[in-house]
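Reading through the structure tokens given below for one structure.
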Amino acid sequence: MRPEERIQKQVDAIEKILGLKSRARILDFGCGRGSQTLELARRRYRIVGMDRAASAFAEAREQARREKLTAHFLADDMRSIPYEGEFNAALNLRNPLGCYESERDDIRCLQGVRRSLRPGGKVLLDLLNREAVVRSLADDVGVFDLRTGRLDCRHFQVRGGSGLKRVPSMRLYTLTELARMLEDVGLSLLNAWGDYEQAPYNVASPRLLVLAEAGLVPAKAEPKPEDADLPRTLRIKGRPR
């Protein structure tokens with residue numbers, strides 16, 4: 001399959017999984033070279049592609065100008081996504097989760113994604129299947145650290161192209177860990193598949209596709225006066241035995 005055909009087929013699946021409506025607003029965080037970003041824009045979605053290095057998507061940005069597409073590209077850190085309640089959907093097809101040094105950084109990324117979504121907005125994560133990686137590297141001592149869950153990427157060719165920085169290691173999350181992290185930031189896990197054909201996810205699946213949804217934003221609790229509980233405290237302490 002030619003690259004453009006593969007991308008078109010992938011975007012066909014993305015539209016179906018996310019249930020995208022006409023003119024939906026989409027955040028493609030970790031967009032890399034922006035191939036899927038452009039294809040979604042060609043289908044009349046309003047989309048922002050985001051990645052750390054502007055050089056990664058320089059060609060895609062120029063292509064969007066030539067085709068007069070509603071596609072914008074932003075060079076920024078995924079740990080500080082600068083949008084709030086802006087998008088109907090967000091997607092990640094290039095593994096920014098896990099590329100940072102700590103789980104806290106990945107949670108910050110997910111928090112930014114959650115803030116950027118409108119209530120009911122969907123997020124699609126396309127990640128390496130940790131279980132399949134562990135099985136395939138069982139005899140390669142030191143390539144995958146079972147204690148930290150990190151894959152030593154120096155042994156592999158990293159997809160992407162010029163402008164994308166190679167990372168020395170990548171954290172691979174289990175589905176259980178992802179479900180917890182999503183829940184902690186206000187995203188509910190809806191489903192998980194092993195590929196874009198929505199095959200059931202299992203330990204041998206080539207990928208881990210995760211679909212989650214943003215719930216209603218919880219109301220902020222009213223701050224209590226400094227001594228709000230003081231009378232109750234005094235009554236309890238003064239109660240006769």
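Below are the figures for this structure:
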| item | result |
| --- | --- |
| Subset of region 183-200 [assigned to a loop (DSSP other than H, G, I, E, B) and either touching a Lys or Arg at 6+ places or on another chain (Cβ under 8 Å) or in contact (Cβ under 8 Å) with a residue 60 or more places away in the chain (or both)] | Val185, Gly186, Gly194, Asp195, Tyr196, Glu197, Gln198 |
| Odd one out for Ile81 among (1) closer than 16 Å to Asp184 by Cα; (2) more than 10 Å from the chain's Cα centre (by Cα); (3) of a type in the set (Val, Ile, Thr) | (1) |
| Cross-chain or 6+ apart pairs with Cβ under 7 Å, region 45-58 first and under 19 Å from Asn95 (Cβ atoms), then at pLDDT 90 or above and basic (Lys, Arg) | Ala56/Arg33; Phe57/Arg33 |
| Considering residues of region 109-120 that are more than 11 Å from the chain's Cα centre (by Cα) and assigned to a helix (DSSP H, G or I) only, the residue surrounded by the most Cβ atoms within 10 Å (Cβ to Cβ) | Ser116 |
| Subset of region 62-98 [of a type outside the set (Gly, Ala, Ser), surrounded by 18 or more Cβ atoms within 10 Å (Cβ to Cβ) and not in a loop (DSSP other than H, G, I, E, B)] | Phe73, Met78, Phe87, Asn88, Leu91, Asn92 |
| Any chance Gly149 is farther than 19 Å from Arg180 by Cα, free of Cβ contacts under 8 Å to residues at least 60 places away in the same chain and either surrounded by fewer than 21 Cβ atoms within 10 Å (Cβ to Cβ) or out of contact with any strand residue (DSSP E or B) (no Cβ under 9 Å at 6 or more places or on another chain) (or both) | no |
| Tally of residues being part of a helix (DSSP H, G or I) and either without any contact (Cβ under 8 Å) to a residue 40 or more places away in the chain or over 27 Å from Cys99 (Cα atoms) (or both) across region 10-44 | 11 |
| Residue within region 93-108 that is closer than 21 Å to Ala24 by Cα and at pLDDT 95 or above present | no |
| Every residue from region 161-176 that is surrounded by 15 or more Cβ atoms within 10 Å (Cβ to Cβ) and either modelled with pLDDT of 85 or more or within 18 Å of the chain's Cα centre (by Cα) (or both) | Leu164, Val167, Ser169, Met170, Arg171, Leu172, Tyr173, Leu175 |
| Members of region 66-76 found to be without any contact (Cβ under 8 Å) to a residue 40 or more places away in the chain and touching a strand residue (DSSP E or B) at 6+ places or on another chain (Cβ under 9 Å), listed by number | Leu69, Thr70, Ala71, His72, Leu74, Ala75, Asp76 |
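The values are calculated or read from the model by the stated rules, or taken from the named source; none is laboratory data. These numbers come from a predicted model, not from an experiment. For neighbour counting, all protein chains shown are included, and Cβ atoms are generated from backbone atoms with ideal geometry for every residue, glycine included.
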